[in-house]
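This report refers to the structure that appears directly beneath it.
The values are calculated or read from the model by the stated rules, or taken from the named source; none is laboratory data. Only a predicted model underlies this, so the values are computations on that prediction, with no experimental measurement involved. As a convention, Cβ positions derive from the backbone with ideal geometry for all residues, glycine included, and neighbour counts pool all protein chains shown. Surface areas here come from the heavy atoms of the whole protein model, side chains and all, with no ligands, DNA or RNA. Shrake-Rupley method; radii C 1.70, N 1.55, O 1.52, S 1.80 Å.
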Amino acid sequence: MKIAIVCYPTFGGSGVVATELGIALANRGHEVHFVTYRQPVRLELLNSNIHFHEVHVPEYPLFHYQPYELALSSKLVDTIKQYGIELLHVHYAIPHAYAGYMTKKMLEEEGMYVPMITTLHGTDITLVGKHPFYKPAVTFSINQSDVVTAVSEDLRQRTLDIFDIHRPVEVIPNFIDATKYNHQFTDCQRANMAKDEERIITHISNFRKVKHIPDVIQVFYRIQKVIPAKLIMVGEGPEKEGAERLCEELGLAQKVLFLGNSNEIDKILCFSDLFLLPSKSESFGLAALEAMVNKVPVISSNTGGIPEVNIHGVTGFLSDVGDVEDMAHNALKILKDDIILQQFKDNAAREAQRFDIQKVLPLYEAVYEKAYKERFKNVL
Ligand code: GMT
């Protein structure tokens with residue numbers, strides 16, 4: 001099938017999922033066209049099955065805000081016509097589902113019917129999308145999609161609770177490609193990061209408020225008072241400066257490393273003993289799943305879709321949002337004992353297999369088939 005994928009090209013989870021999905025579809029023989037404003041960060045190789053089309057938004061002095069949706073939908077119309085694309089898959093409702101709807105309508109004027117799949121990722125529903133400024137347009141464009149998927153059962157339920165949705169929302173969870181992690185690094189280069197006796201704790205995110213970055217530092221502060229440990233902070237975002245300041249104030253500067261954005265997440269996770277994800281809300285927690293497949297147990301908040309991924313007492317522990325005492329207590333339960341740590345590591349890797357792409361990809365292919373077969377139903 002010829003598929004156009006619209007996503008954010010940045011380090012955010014929705015862009016990562018869209019990119020990895022596109023690559024997997026291309027490996028299965030589909031022709032995939034990414035349409036976005038920059039080449040997605042995890043999209044390294046373009047080939048005959050993977051194309052990238054850049055959306056340009058020309059500057060014009062009259063525009064206080066550049067009309068990205070307009071440029072995106074025009075680019076989609078052109079690309080769909082030029083390459084004979086059969087299906088449009090938009091990731092993150094804002095503004096992609098709205099631009100996708102406009103694309104469909106423009107194509108319908110010319111007698112072409114291209115079904116649109118909308119995948120909801122989290123903040124497009126729980127944070128930004130529900131804002132009164134956006135809500136009517138988000139509700140409308142979700143209802144106008146041919147298929148709507150959510151990345152967890154929790155997100156599906158919240159979508160139905162928050163918006164007036166009169167079509168089914170299917171759950172297709174996020175995934176990892178387990179084969180990518182079968183490699184055994186002969187040397188994780190752990191010694192570059194910490195001393196043998198130190199445990200390595202990692203946090204990876206886009207450092208936005210919703211991630212509760214100060215809680216990461218507070219949990220680590222309590223851990224390192226009891227056992228030797230280092231904290232590795234990966235990512236960039238508005239909360240990073242505050243986090244660096246908090247580390248200074250708590251006297252942690254020598255024990256915390258801020259690495260910035262990285263394309264080498266699996267190498268970092270290779271030498272990690274524990275992953276911290278104390279977010280206020282999280283529709284799925286892809287970063288936690290990536291940790292788990294790399295044999296890293298997870299200490300997280302008990303919110304959103306996280307409990308669907310991180311199993312309490314098996315792959316890590318869940319605590320109430322903001323309960324840094326409980327998180328630190330649970331972290332120490334895992335980290336203090338080599339045998340317990342090894343058990344949690346094994347459990348994490350095993351449970352991650354539930355989300356292997358080999359299980360998840362057919363679910364997307366099935367909804368594509370269904371939408372393609374039914375493509376005329378909504379327009380006749
Ligand atoms: O919050 C992020 O890290 C970015 C954001 C995004 O849309 O790019 O992530 C959301 O989508 C991810 C992929 O589906 C989920 O794993 C994250 O849980 C979700 N973030 C939130 O709900 C806060």
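Here is how the numbers come out for the structure above:
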read-out: One residue from 321, 309, 296 being open to solvent by less than 20 Å² (accessible area, probe 1.4 Å) and under 25 Å from residue 123 (Cα atoms); value: 309
read-out: Hey, residue 29 small (Gly, Ala, Ser), open to solvent by less than 70 Å² (accessible area, probe 1.4 Å) and part of a loop (DSSP other than H, G, I, E, B) or not; value: yes
read-out: Selected residue (only one of 152, 205 is within 13 Å of the ligand (Cβ to nearest atom), touching a Gly at 6+ places or on another chain (Cβ under 6 Å), hydroxyl-bearing (Ser, Thr, Tyr) and open to solvent by 10 Å² or more (accessible area, probe 1.4 Å)); value: 205
read-out: Matching residues, the range 208-217, being away from the ligand (no atom under 16 Å from the Cβ) and in contact with an Asp or Glu (Cβ under 9 Å, 6 or more places away or on another chain); value: 214
read-out: Given (1) open to solvent by 60 Å² or more (accessible area, probe 1.4 Å); (2) at pLDDT 95 or above; (3) assigned by TED's automatic domain parsing to the domain that holds residue 279, number of the condition residue 158 does not satisfy; value: (3)
read-out: The one condition in (1) open to solvent by 70 Å² or more (accessible area, probe 1.4 Å); (2) in contact (Cβ under 8 Å) with a residue 24 or more places away in the chain that residue 179 fails to fulfil; value: (2)
read-out: Complete set of residues in the range 32-52 that are within 15 Å of the ligand (Cβ to nearest atom) and open to solvent by 10 Å² or more (accessible area, probe 1.4 Å); value: 37, 38, 41, 42
read-out: Residue among 139, 159, 202, 179 that alone is touching an Asp or Glu at 6+ places or on another chain (Cβ under 8 Å) and of a type in the set (Ser, Thr, Tyr); value: 139
read-out: So residue 334, is it β-branched (Val, Ile, Thr) and within 16 Å of the ligand (Cβ to nearest atom); value: no
read-out: Every pair of residues 6+ apart whose Cβ atoms lie under 6 Å, when the first sits in the range 68-84 and is surrounded by 14 or more Cβ atoms within 10 Å (Cβ to Cβ) while the second is among the polar types (S, T, N, Q); value: 73/103; 76/103; 77/103
read-out: Hits in the range 281-323 - residues which are over 16 Å from residue 173 (Cα atoms), away from the ligand (no atom under 15 Å from the Cβ) and hydrophobic (A, V, I, L, M, F, W, C); value: 296, 299, 314, 317
read-out: Residue in the range 120-133 that is open to solvent by 20 Å² or more (accessible area, probe 1.4 Å), over 23 Å from residue 364 (Cα atoms) and small (Gly, Ala, Ser) present; value: no
read-out: Selected residue (criterion: nearest to residue 145 (Cα to Cα)) from residues of the range 97-109 that are open to solvent by 10 Å² or more (accessible area, probe 1.4 Å) and in contact with a helix residue (DSSP H, G or I) (Cβ under 8 Å, 6 or more places away or on another chain); value: 101
read-out: Selection count where residues are more than 18 Å from residue 326 (Cα to Cα) and either in a helix (DSSP H, G or I) or polar (S, T, N, Q) (or both), scope the range 203-245; value: 10
read-out: Condition check for residue 55: within 13 Å of the ligand (Cβ to nearest atom), hydrophobic (A, V, I, L, M, F, W, C), more than 18 Å from residue 116 (Cα to Cα) and open to solvent by less than 40 Å² (accessible area, probe 1.4 Å); value: no
read-out: Residue count, the range 122-149 (criterion: closer than 21 Å to residue 371 by Cα and either more than 13 Å from the ligand (Cβ to nearest atom) or of a type in the set (A, V, I, L, M, F, W, C) (or both)); value: 11
read-out: Whichever residue in the range 1-26 is away from the ligand (no atom under 16 Å from the Cβ) and part of a helix (DSSP H, G or I) and, among such residues, is surrounded by the most Cβ atoms within 10 Å (Cβ to Cβ); value: 25
read-out: Index of the failed condition, residue 230 passing every other in (1) surrounded by fewer than 24 Cβ atoms within 10 Å (Cβ to Cβ); (2) touching a residue at least 60 places away in the same chain (Cβ under 8 Å); (3) not polar (S, T, N, Q); value: (2)
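Each row is one residue, and each column tells you yes or no for (1) polar (S, T, N, Q); (2) under 15 Å from residue 4 (Cα atoms); (3) part of a loop (DSSP other than H, G, I, E, B).
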residue	(1), (2), (3)
39	yes, yes, yes
53	no, yes, no
60	no, no, yes
65	no, no, yes
71	no, no, no
77	no, yes, no
89	no, yes, no
95	no, no, no
108	no, no, no
